[in-house]
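Here's the structure we're looking at; comments come further down.
The values are calculated or read from the model by the stated rules, or taken from the named source; none is laboratory data. Quick caveat, the model's predicted, so the values are computed rather than measured. Here the Cβ is made from the backbone with ideal geometry for all residues, glycine too, and neighbour counts use every protein chain on show.
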Amino acid sequence: MEQKRLQLSHDKVIGGVCGGIAEFFNIDPTLVRLVWALLTLIWPIGLLLYLAAMFIIPATTHRSGDSKAGGSESDPQSSRNRTFGLVLLIFGAVMLLHKLIPIISWQIIWSIVFIVVGLLLIIRSD
């Protein structure tokens, strides 16, 4: 019997973390996403935990009989590096804006960051 491993899922909305957790526990990924979203609204650290999990949890490995394995699929490591780069750019921009324009509150800055990231995700999914 093969041991179950926690891996990022191909059933993903952002990074595959919730999909991977759902596959590991054999539950509906939508339920995991809803719980994660609610917990993140209560404790905003959930967003950072999600990003950390996205880089710590390994990507799904393909077996030779797996129908999803193919040359058309993008490299998961490249996608993770691009996402990590985007996160670093956003945090750097936020920190720079806060130093250059100290009268802007953190709430305004984070609101703009969330709007920009949301728009990027929507554009990227099309």
LEU119: passes all of (1) under 23 Å from TRP36 (Cα atoms); (2) modelled with pLDDT of 70 or more; (3) surrounded by 13 or more Cβ atoms within 10 Å (Cβ to Cβ); (4) outside the structural domain of GLY20 (by TED's automatic domain parsing) but (3)
Going through segment 7-53 in order, the residues found to be in contact (Cβ under 8 Å) with a residue 12 or more places away in the chain and loosely packed, with under 15 Cβ neighbours inside 10 Å are ASP11, VAL13
So which pairs qualify, if the first residue must be in segment 91-110 and touching a residue at least 12 places away in the same chain (Cβ under 8 Å), the second must be not in a helix (DSSP H, G or I), the Cβ gap must be under 7 Å, and the two must be at least 6 apart or on different chains? LEU97/ILE104
